[in-house]
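Below is one structure, written out as structure tokens, with a few remarks after it.
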Amino acid sequence: MDKLKIFAPATVANVSCAFDILGFALDTVGDEMTFTKTTEKLVQITLPENSNLPTDPLKNVAGVVAIEMLKKANADFGVLIEIDKRIKPGSGIGSSAASSAGAAYGVNRLLGDIYDNAELVQFAMLGEALASGVAHADNVAPAIFGGFALVRSYSPLEVIKLNSPNELFCTVIHPQIEVKTEKSRKILKKNILLKDAVEQWGNIAGLISGLYSEDYDLIGRSLQDKIVEPVRSLFIPLFYDVKKSFMDAGALGGGISGSGPSVFALSRGEKQAEKVAEAMRKVYSQTNIDFDIHVSAINSVGIKEI
Ligand code: ADP
């Protein structure tokens, strides 16, 4: 294979209670990336004209991932990566992860599929380390595996793909203020109370159980975060108004997507998710903050060749 084009999905990480260990992929939001083999043993990156992202492969997450993969494989070719960036950087729906995971997938195809999904996650984490200073996997794992992906362990890395009930839909609102993952990590408390940890463990277990038993109400009850949300919500204007609006509109539950500022809600059925979108829209329409809203099914396959 000398050339391919892919869809690299946006992802919602943390999923309220599962900080750094759980994420899911979206179906209708993502970047497009084209990979072309070159005879020059170089990684080159192009971006749309209006993009402020770096084209220097050492500064772009896709570049660092591709360079490392080609080096490890001792490849005798280079790659041109054209990124059609549709996920706004710093949105909290895995903009850097889509490029990192997309690069891992695309370069692996050009190499003849020599790496498995777990290895691709590990390569993609290099991009996340560049973007946020921390090699977290809760966005790149669902982008590569699809559906809900659990990072059971970081050392050694173990990713488990979970069941995704097929009536589950996600609504995401992205208020257009930039929150850098790096900054929103720094403000987190380093210690937590045991009683808060116990509550959080209960919710994570409840959420996983609900995904398997397809118990939508249990999924909703479990979407609670005692530890990270109270701190990170300070960066998100009208966070609690949005949350009240989606709960009143009938969402199962929700919270901050990744490190924010996007806010997500899960619903049973697309119609319900559209109703939730309407309720969220009303809240931000009263402000002068621009916003995007997406309604999407859960993407069960992750990266797709298009
Ligand atoms: P998000 O949670 O939406 O991914 P982050 O703050 O984690 O947002 O990542 C965005 C950061 O990564 C920005 O500083 C951006 O400059 C950097 N970056 C480097 N390459 C890319 C890329 N290809 N796509 C998106 N962000 C990139």
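The values are calculated or read from the model by the stated rules, or taken from the named source; none is laboratory data. Computed from a predicted model, the values in this text were never measured in an experiment. All Cβ positions, glycine included, derive from the backbone under ideal geometry; neighbour counts span all protein chains shown. These area figures cover heavy atoms from the full protein model, side chains too; ligands, DNA and RNA do not enter into them. Shrake-Rupley method; radii C 1.70, N 1.55, O 1.52, S 1.80 Å.
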Can you tell me the Rg and the Dmax, both Å, for the Cα atoms in region 139-242? 15.4, 40
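Would you mind working out the accessible area per residue for region 208-306, using a 1.4 Å probe, and quoting it in Å²? Please list the in-between numbers first.
Values: 4450 Å² over 99 residues.
Normalised by residue count, the accessible surface of region 208-306 is 45 Å².
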Distance in Å, no decimals, from the C-alpha centre of region 35-54 to the one of region 269-287 is 37 Å
Would you grab the residues whose amide H sits under 5 Å from the one on residue 158? Only those 5+ places off in sequence or on another chain, please, with H modelled 1.01 Å from N. 152, 153
So, with +1 on the Cβ of K and R and -1 on the Cβ of D and E, and no other charges, what is the size of the charge dipole of region 92-207 about its Cα centre, to the nearest 20 debye? 420 debye
Please report, in whole Å, how far the alpha carbons of region 21-127 spread along each principal axis, starting with the longest. 36, 33, 21
Largest to smallest principal axis extent of the C-alpha atoms in region 87-210, angstrom: 49, 34, 33
Of the cross-linked pairs 5/282; 190/282; 37/85, which ones have a Cα-Cα span greater than 27 Å in the structure shown? 5/282; 190/282
Among 50-60, 123-133, 88-98, 231-241, what's the highest-first ranking by average C-beta atoms within 10 angstrom per residue? 88-98, 123-133, 231-241, 50-60
Counting Lys and Arg as +1 and Asp and Glu as -1, each charge on the Cβ, what is the dipole of the chain about the Cα centre in debye, to the nearest 20? 640 debye
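Using the heavy atoms of the protein chains and a 1.4 angstrom probe, tell me the accessible area per residue for region 68-175 in square angstrom. The partial results should precede the final answer.
Values: 3710 Å² over 108 residues.
So region 68-175 comes to 34 Å² accessible per residue, rounded to a whole number.
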Note down the net charge around residue 214, summing +1 for each Lys or Arg and -1 for each Asp or Glu among other residues with Cβ under 13 Å from its Cβ. -2
Calculated FRET value between residue 55 and residue 247, using beta carbons and R₀ = 45 Å, to 0.05: 0.60
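Ordered by packing density, taken as the mean number of other Cβ atoms within 10 Å over each peptide's residues, highest first, how do 152-162, 188-198, 213-223 rank? The partial results should precede the final answer.
Working: 152-162: 13.1, 188-198: 9.9, 213-223: 17.5.
Output ranking for 152-162, 188-198, 213-223: 213-223, 152-162, 188-198.
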Efficiency of FRET between residue 46 and residue 186 - r from beta-carbon atoms, R0 30 angstrom, step 0.05: 0.40
If you project the alpha carbons of the chain onto their three principal axes, what span does each projection cover, largest first, in Å? 57, 42, 36
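What translational D, rounded to a whole number of µm²/s, comes out for region 152-196 from Stokes-Einstein when the hydrodynamic radius is the Kirkwood one over Cα pairs, at 20 °C and 1.002 mPa s?
Numbers: Rh = 15.3 Å.
For these conditions, the coefficient is 140 µm²/s.
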Where the centre of each part is set by its Cα atoms, how far does region 124-138 sit from region 162-206, in angstrom? 17 Å
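Express the carbon and sulfur contribution to the solvent-accessible surface of the chain as a percent, rounded to the nearest whole number, probe 1.4 angstrom. Please report the intermediate quantities before stating the final value.
Working: 6870 of 13350 Å².
Carbon with sulfur: 51 percent of the solvent-accessible area.
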How would you order 259-268, 286-295, 15-24 from highest to lowest mean count of nearby Cβ atoms within 10 Å? 259-268, 15-24, 286-295
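First check a/c for region 199-292, with a ≥ b ≥ c the square roots of the eigenvalues of its C-alpha gyration tensor; if it is under 1.5, answer rounded, and if not, answer prolate when a/b is larger than b/c or oblate otherwise. Please report the intermediate quantities before stating the final value.
Values: a/c = 2.64, a/b = 1.35, b/c = 1.95.
Oblate, because a/c is 1.5 or more while a/b does not exceed b/c.
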All other residues with a Cβ under 14 Å from the Cβ of residue 285 taken together, and with Lys, Arg as +1 and Asp, Glu as -1, what is their net charge? -2
Each residue of region 195-200 in turn: what ³J(HN,Hα) in whole Hz from Karplus with 6.51, -1.76, 1.60 and θ = phi - 60°, glycine and Pro shown as x? 5, 6, 4, 4, 4, 5
Give the separation of the Cα centroids, region 221-264 to region 86-108, in Å. 23 Å
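Cβ under 12 Å from residue 122's Cβ, residue 122 left aside: what net charge do those residues give with Lys, Arg +1 and Asp, Glu -1? Don't jump to the answer; show the numbers that get you there.
On the way: positive: 72; negative: 68, 116, 119, 128, 158.
Counting the neighbours of residue 122, the net charge comes to -4.
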